[in-house]
Protein chains: 2
Amino acid sequence: MHSTTPSTSATQPGILRRAPSAQLLAHLRDRFGDRLSTSEAVLLQHGRDESFYPPRPPDAVVFVQSTEEVAFLLACCAAEKTPVIGYGAGSSVEGHFLAVQGGVCVDFSQMNQVIEIRPGDLNATVQAGVTRTQLNAALQGTGLFFSVDPGADASVGGMVATGASGTNTVRYGTMRDNVVNLVVVTAEGQVVRTASRARKSSAGYNLTQVFCGSEGTLGLITEVTVRLHPLPEAIAAAVVTFPDVRSAVQCVIEAIQHGVPLARAEMLDGLALRAINAHSRTTLREQPTLFLEFAGSQAQIDAQTEIMRELASHHGGGEFQWAARPEERSRLWTPRHHAYFACLQLRPGSRALSTDACVPLSALADCIEQTQADIAEHELLVPVFGHVGDGNFHCMVLIDPHSPGELEAAEAFGHRLVERAIQLGGTCTGEHGVGLHKSRYLVREHGKAGVGLMRMLKDAFDPHHILNPGKVVPSP
Amino acid sequence: MHSTTPSTSATQPGILRRAPSAQLLAHLRDRFGDRLSTSEAVLLQHGRDESFYPPRPPDAVVFVQSTEEVAFLLACCAAEKTPVIGYGAGSSVEGHFLAVQGGVCVDFSQMNQVIEIRPGDLNATVQAGVTRTQLNAALQGTGLFFSVDPGADASVGGMVATGASGTNTVRYGTMRDNVVNLVVVTAEGQVVRTASRARKSSAGYNLTQVFCGSEGTLGLITEVTVRLHPLPEAIAAAVVTFPDVRSAVQCVIEAIQHGVPLARAEMLDGLALRAINAHSRTTLREQPTLFLEFAGSQAQIDAQTEIMRELASHHGGGEFQWAARPEERSRLWTPRHHAYFACLQLRPGSRALSTDACVPLSALADCIEQTQADIAEHELLVPVFGHVGDGNFHCMVLIDPHSPGELEAAEAFGHRLVERAIQLGGTCTGEHGVGLHKSRYLVREHGKAGVGLMRMLKDAFDPHHILNPGKVVPSP
């Protein structure tokens, strides 16, 4: 499939390489010393991700420690039109940071300072390399937490760059909804703060949202001010089984329509439950299952769960399993958290190609049902997980990583799913981002004129395409 | 003051006029017939707003009815580099649609179709000229409502263009938070849908947010898909008086920190209360007062109000006046809704220059107190209103509209307030937008590099500056 898509040339070795000159490397080494590495192991570590792309290592990795260092680095690289690729926690899944044209990788792991926590403003400012668990640890005792949870312990800067979200987005929003402002270094090495710390502003174009989801192709994010939320008084978790996907999905949609502020609402299909039972030695019914979380005061939780019980019962849901104490909740949700690894065990030695379609809520049941029919027709092994309240679901296509035929079949399945999602009014990617892998679908989703505007934006902010080249907007 | 600011040249008559040619007007008249007007009355109506700028009428007004018509019009005007200015309900306040270079005004009032309501997706698609009250009327019976309420019965397209918000933003977010996607016509007359209808997406740059708040300077918005919210089961309103501004503000901030989902939280100062008493023949205490609204189930409201009573009592708040039934709530809130006109009556014959500072919550009390000291020092007559939960407040500077000295003093006061807000980490405009009036502050707020990026965006999307020229980004 790759060979028929517009983004291919950038993914083929040797098409265009823009390695840093010896002079540039010497100049950077003067400034960064041992924090510049060209060791093979380090380059390789920064040149491969969870995707199926072969490794594409950069020519050098610089471990930066400040915004000023990033500005220096970008100014140097801009002068020679050498590519610069940002690297957070390395947890992205669509080939985001593969150095397809070579260049210098900027590793943010040493920019890991929590700069300021402002409980009175419900926000905090961190360096881009701070991870979400590190930030939440720093927030202990404030009564506040940082909500965005994409599963992996991603860096906050990386989460902004990919527009990440996760299991509690249904309640607290995506990364886009939780950014107050950014410090960004431009392609020319200028430092920009995108907005004030006010909770809202109409003062000019929304630069914050321009950079959020831009995947390092418009500028490098060095500092992030994020919104914080009050910790709920209480949390309760529940698991409930449904006769079919449609009933489970409809139950959640109706809860949202009733204004029930679900904290989490995850659906796993029967195959995923089979994997979980085998892996965790549980005896859950191998049917579509909702993993739910409620948050608030105990009275609020009681009111929410009463509505939820009624809706579930109406849709043929089984008995609720409940848990309120942290360790019980953890036990109840553990199968969900381990689902990815459990599913890999459905086929020992396999790897997973994960899809990321997101559709309007009313189309979600149709989209999953049609996708399951596709899975059956093509005899694929594909457990399905859904962030049901967002209309977003992932299919884990389990394949033999050494079989080109299986990879091709998986890609073809993903292609049909994207087409289906877009026809239903949805998107090719709800939360994983574009990277290398999804750029082929942008014209299908946004039209030529829409992608034309994206390209104008790219050309304006990065005229020499030194910022993570080959990603997001396919070259014309 | 105007004469010392970078944006001035665009506001001075005769500096640069780009009137449509006779040929262009004839071409447009062929297509639009009677829906193109050059009558003096119509031009004047479209050339003045609530600001203090003298009228700047366009050369023609076209009453469009479809996206295709807007595309046709823009393609024609682009060919001759003639300015095009969008016009919604005419309720903006910063000189947004004044035709400083002449050109063609696009009136959206006949693009007033509610295209589709999708209760299952919690969204609706409307033409840009639909007003918020019209949309809410169309939603009757669905159990859903459109939340953004800037006071005036603004058009939905205009609200997107200015990034509007209002009294219930503290609960439901600004217009930016409530847009799903847009249909936009570009400077070249191309039609772009900015995103799918999915609730979240990571598919490329966030074009929706690029256009939201762009005030017609990057493209013309012709259709909007907005988020809808479930109508709360019950609503309760309350009014409570505090000994000083700081106590009132702190009470709201602590409620937010406790996670109380206030539906509205407006503060009015003692002078505003004096105006209200005189206007509405009420006997409210002439002290800082919170007008509050709670929404949810009755149990939720009870829980919220219990916390709120405790907090208010802790901060020296007086007795709560309560209202639950719609007509009682309306009576209780009527003074707040009439406050603008009541305040104008503090000085018969006066007009108001309204400021729009927005600061981090923790700085709000300081900012208002310092501003009140400034008011006293300069012997100005300025009631103050605050959307306290957002950190946003408006000062109504009451002046004799025929006195250049008073206008200058009011502008100087506004200037000091902007400086104060920015120093406290805030913004010159929380919700009114930039228009002509605030562009002078963008460099102060965003720095040269930030405004440089905004200008790059403008130059890329509108290379000949035909889209609402002179607004948002000052010319270099």
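The values are calculated or read from the model by the stated rules, or taken from the named source; none is laboratory data. Since we're looking at a predicted model, the values are computed, not measured. Because the Cβ atoms are built from the backbone with ideal geometry, glycine has one as well, and the counts that use them run over all protein chains shown.
Values for this structure:
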| item | result |
| --- | --- |
| Hits in the range B:193-221 - residues which are hydrophobic (A, V, I, L, M, F, W, C) and either modelled with pLDDT under 95 or surrounded by fewer than 24 Cβ atoms within 10 Å (Cβ to Cβ) (or both) | B:A195 |
| Whichever residue in the range B:444-468 is more than 22 Å from A:G452 (Cβ to Cβ) and in contact (Cβ under 8 Å) with a residue 12 or more places away in the chain and, among such residues, is nearest to the other protein chains (Cβ to nearest Cβ) | B:E445 |
| Filter pass, A:A299 being of a type outside the set (F, W, Y), over 25 Å from the mean Cα position of the chain (by Cα) and part of a strand (DSSP E or B) | no |
| Residue among A:I399, A:I422 that is in contact (Cβ under 8 Å) with a residue 24 or more places away in the chain and buried (at least 18 other Cβ atoms within 10 Å of the Cβ) | A:I399 |
| Pick from the range A:136-169, criterion in contact with a Lys or Arg (Cβ under 7 Å, 6 or more places away or on another chain) and β-branched (V, I, T), ranking: nearest to the other protein chains (Cβ to nearest Cβ) | A:T169 |
| Flag for B:L407 being more than 21 Å from B:T169 (Cβ to Cβ), outside any loop (DSSP other than H, G, I, E, B), among the aliphatic types (A, V, I, L, M) and in contact (Cβ under 8 Å) with a residue 12 or more places away in the chain | yes |
| Failed item in (1) crowded, with 16+ Cβ neighbours inside 10 Å; (2) aliphatic (A, V, I, L, M); (3) at negative phi, with A:I115 passing the rest | (1) |
| Odd one out for A:T167 among (1) buried (at least 21 other Cβ atoms within 10 Å of the Cβ); (2) in a loop (DSSP other than H, G, I, E, B); (3) modelled with pLDDT of 95 or more | (3) |
| Sole exception among (1) farther than 27 Å from B:V434 by Cα; (2) in contact with a Gly (Cβ under 9 Å, 6 or more places away or on another chain); (3) crowded, with 21+ Cβ neighbours inside 10 Å; (4) among the acidic types (D, E) for B:E293, by number | (2) |
| Among residues of the range B:30-76, those that are of a type in the set (A, V, I, L, M, F, W, C), under 27 Å from B:V93 (Cβ atoms) and touching a His at 6+ places or on another chain (Cβ under 9 Å), counted | 2 |
| Selection status of A:F320, in contact (Cβ under 8 Å) with a residue 24 or more places away in the chain, within 26 Å of B:P230 (Cα to Cα) and touching a Lys or Arg at 6+ places or on another chain (Cβ under 6 Å) | no |
| Breaking point among (1) within 14 Å of chain B (Cβ to nearest Cβ); (2) among the aliphatic types (A, V, I, L, M); (3) buried (at least 23 other Cβ atoms within 10 Å of the Cβ); (4) within 21 Å of A:V245 (Cα to Cα), for A:V434 | (4) |
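Rundown of residues vs (1) in contact (Cβ under 8 Å) with a residue 60 or more places away in the chain; (2) farther than 25 Å from A:P232 by Cα; (3) of a type in the set (F, W, Y), yes/no style:
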site: A:T283; (1), (2), (3): no, yes, no
site: A:F291; (1), (2), (3): no, no, yes
site: A:S297; (1), (2), (3): yes, no, no
site: A:E310; (1), (2), (3): no, no, no
site: A:R325; (1), (2), (3): no, no, no
site: A:S330; (1), (2), (3): no, no, no
site: A:R336; (1), (2), (3): yes, no, no
site: A:R347; (1), (2), (3): no, yes, no
site: A:V359; (1), (2), (3): yes, yes, no
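Condition check ((1) β-branched (V, I, T); (2) free of Cβ contacts under 8 Å to residues at least 60 places away in the same chain; (3) surrounded by 24 or more Cβ atoms within 10 Å (Cβ to Cβ)) across all residues:
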{"residue": "A:P57", "(1), (2), (3)": "no, yes, no"}
{"residue": "A:A60", "(1), (2), (3)": "no, yes, yes"}
{"residue": "A:F72", "(1), (2), (3)": "no, no, no"}
{"residue": "A:C77", "(1), (2), (3)": "no, no, yes"}
{"residue": "A:V100", "(1), (2), (3)": "yes, no, yes"}
{"residue": "A:V106", "(1), (2), (3)": "yes, no, yes"}
{"residue": "A:D121", "(1), (2), (3)": "no, no, yes"}
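A quick yes/no check of all residues on (1) away from every other protein chain (no Cβ under 14 Å); (2) of a type outside the set (S, T, Y); (3) surrounded by fewer than 14 Cβ atoms within 10 Å (Cβ to Cβ):
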{"position": "B:A323", "(1), (2), (3)": "yes, yes, no"}
{"position": "B:P326", "(1), (2), (3)": "yes, yes, yes"}
{"position": "B:W333", "(1), (2), (3)": "yes, yes, no"}
{"position": "B:L346", "(1), (2), (3)": "yes, yes, no"}
{"position": "B:T371", "(1), (2), (3)": "yes, no, no"}
{"position": "B:F393", "(1), (2), (3)": "no, yes, no"}
{"position": "B:S403", "(1), (2), (3)": "yes, no, yes"}
{"position": "B:E408", "(1), (2), (3)": "yes, yes, yes"}
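Results for (1) more than 12 Å from chain B (Cβ to nearest Cβ); (2) surrounded by 24 or more Cβ atoms within 10 Å (Cβ to Cβ), shown as yes or no for each residue.
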position: A:T225; (1), (2): no, yes
position: A:H229; (1), (2): no, no
position: A:R264; (1), (2): yes, yes
position: A:L268; (1), (2): yes, yes
